[in-house]
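The values are calculated or read from the model by the stated rules, or taken from the named source; none is laboratory data. All of these numbers come straight from a predicted model, not from anything done at the bench. Because the Cβ atoms are built from the backbone with ideal geometry, glycine has one as well, and the counts that use them run over all protein chains shown.
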């Protein structure tokens, strides 16, 4: 009998710099051809487990491993990572950091060349793999020219070329825009349909992955295996336990739960938009939905001057036009989401508004200030900017100094500075980390500190560049709740983001950019229901997709927010 | 302007563009003795001859983008004139032939001898650059690494790791740009002068290094996962052989070098 593609017995792992064992005593066996989804809240050890499956733990990452991992019958502790790569291939989260060579072709050949396959064999495997992911025509190009989705498809091709029967994908779409996520899942879907590969998928974007997987493994916060079974049974039979644990359910399931609580009879919980639409169409009479045009409640007061006015803003870099004649007014207290595909000009617009890159004079007004001419102190008191990677903006040696910095350059009294810093430490839950170097904080703490530093000078406007990029749902939600709270207290919030469900659930208005032009700037519900979204190459959030499929309840078709459901 | 892509697919050049068809090591090896000797020359003629030889070889044997030709055509004369004049100003008048005075400002006199010395120095530097261009503009980084692995027996683990690291450069350039603007909006611009500048750059180092180390670790894991270093050698699809023509080029270039030097020694101007 051939050995199972993967057998894990009593596996526990502790990183050298940590005390907790995550995962802790996990055991499971995969059958050939199975597609398994690995779920768990952040800190449960999902990615650590993934790294152990091809021997990177314990061979390359400093960590202690107990128990056994058998890949095709071969123990990972006894074999080298190189030897194991013939039986298990990895695809990581960041497409940039897994590209080694200079052309698509060289990249696909890299692994098989290392394994000393003959030149003919190398080329044949490369062609097959590239054709499978649709990159054969682009084999001569530099991988840098591919989109994020393209580079991740290349990473999958590299895994395929190695010919390993087991493929492990660790959050393969966390760094991609919606178009990229779709590309990657289209490739994975084909791969699964063809059969022959056993797949382990670590993914928090359940809406994208759900129709692909057979089986789900859930690891809880302590690192132990909580559930293991067919994906539908695991998710739908343990709804409450999963939600308490901090595991995100598909939006369609969440919507159905909410409707059930409101008295809509839904006998079987759905997992996908199609299933939700079918379940709702089966319901004979439904109460009319609340008007979807209801704005999200914000601290907006309409009688004041707008927080931000952008007039005929054009930004050019070299010969290319990044923004073309954009005009935009953001009322005070608004929660504005700026969306668009990669390269549409979202970040450029946000940076021009916040004066990170000085806009042309007279095109931007932030609370009466022109960022083109304002000095840093005045600007910091009117708008706070949070960079995509919080580390980029840290400049001091401790958390407290970092917070005090903006006030010190404004030359405030020492007592005033101390009082405000202490208040911020409490506000953002960083009191215990007061004297820690900002770089030593956890990811979530770094993010909170960067928001705190942006706000401490009293800026009424907060601008954030892709604040949820590369984060899991739990951390993203914690940040968004914080922003919603600030917004409710009156702060005007601007975010650039790819996550459309987040836009639907939190933003009060949406600006859609495409090729440097502003296609539309309208209240969220209208924007998500309008045509501009598709025109900009974007997809509606999963809930809106489900609602658009409804046949029997036309009044519900424009709903895109969980909050709009009864 | 798009920068040349060092990784683009190899173009097959016609035989007349022979520089592209040579092993990078042959080109570097051929020019090394000449470069070494040039450092010790003091006259005008020797570097001038090598400069002309290098340009002749480039014109015939290299297919270069017109921008590069423009840079060569304008840059070399410009560089020679600017450097001759500046070096002339710096030279100690006591060391040169003071028979002809070109002009004088107050106590200062510029002699023709100083200009001659400046010109010799400038030509020496420019001819070194031109010889460097022979290999530099007609070989790619990946080919040089392959040749080093295949002929010089440099371990491939070092060669290919260096190539992978080469990909980091544009990434870090972009990251540095973001960090600079981040620090600027946070009000770290404070102050002018070298001291403030140094402090500012020190502030960029920590986030840049933190990002770089993390990135390098990830790349290393990705390379490990794809069996890098599994065997003492790896399959090579692109052979960069050392052919007869490489040997011929090497010996001809060495012979020319020797001939020029001997000619100059026996016929001092």
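Data overview
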| item | result |
| --- | --- |
| Hits in segment A:375-403 - residues which are at pLDDT 90 or above, in contact with a strand residue (DSSP E or B) (Cβ under 7 Å, 6 or more places away or on another chain) and farther than 15 Å from residue A:457 by Cβ | A:387 |
| Residue match in segment A:75-83 (condition: at the interface with chain B (Cβ under 8 Å from one of its Cβ atoms) and within 28 Å of the chain's Cα centre (by Cα)) | no |
| Yes/no for residue A:122 being at the interface with another protein chain (Cβ under 7 Å from one of its Cβ atoms), outside any loop (DSSP other than H, G, I, E, B) and over 25 Å from residue A:206 (Cβ atoms) | yes |
| Any hit, segment A:45-64, residues being touching a strand residue (DSSP E or B) at 6+ places or on another chain (Cβ under 7 Å), modelled with pLDDT under 95, part of a loop (DSSP other than H, G, I, E, B) and closer than 22 Å to residue A:475 by Cβ | yes |
| Exclusive hit being within 23 Å of residue A:495 (Cβ to Cβ), away from chain B (no Cβ under 14 Å) and surrounded by 21 or more Cβ atoms within 10 Å (Cβ to Cβ), set A:349, A:403, A:328 | A:349 |
| Matching residues, segment A:535-556, being more than 13 Å from residue A:503 (Cα to Cα), touching a residue at least 24 places away in the same chain (Cβ under 8 Å) and either assigned to a loop (DSSP other than H, G, I, E, B) or touching a strand residue (DSSP E or B) at 6+ places or on another chain (Cβ under 7 Å) (or both) | A:536, A:537, A:549, A:550, A:551, A:552, A:553 |
| Pick from segment A:126-150, criterion within 12 Å of chain B (Cβ to nearest Cβ) and modelled with pLDDT under 95, ranking: surrounded by the most Cβ atoms within 10 Å (Cβ to Cβ) | A:143 |
| Matching residues, segment A:328-354, being touching a strand residue (DSSP E or B) at 6+ places or on another chain (Cβ under 7 Å), closer than 22 Å to residue A:516 by Cβ and part of a loop (DSSP other than H, G, I, E, B) | A:340, A:344, A:345 |
| Some residue of segment A:479-490 being buried (at least 21 other Cβ atoms within 10 Å of the Cβ) and part of a loop (DSSP other than H, G, I, E, B) | no |
| Some residue of segment B:205-215 being under 30 Å from the mean Cα position of the chain (by Cα), within 7 Å of chain A (Cβ to nearest Cβ) and within 27 Å of residue A:118 (Cβ to Cβ) | no |
| Residue within segment A:57-64 that is buried (at least 23 other Cβ atoms within 10 Å of the Cβ), in contact (Cβ under 8 Å) with a residue 12 or more places away in the chain, assigned by TED's automatic domain parsing to the domain that holds residue A:169 and under 29 Å from the mean Cα position of the chain (by Cα) present | yes |
| Residues located in segment A:84-109, provided they are in contact with a strand residue (DSSP E or B) (Cβ under 7 Å, 6 or more places away or on another chain) and either more than 8 Å from chain B (Cβ to nearest Cβ) or modelled with pLDDT under 90 (or both) | A:84, A:87, A:88, A:91, A:93 |
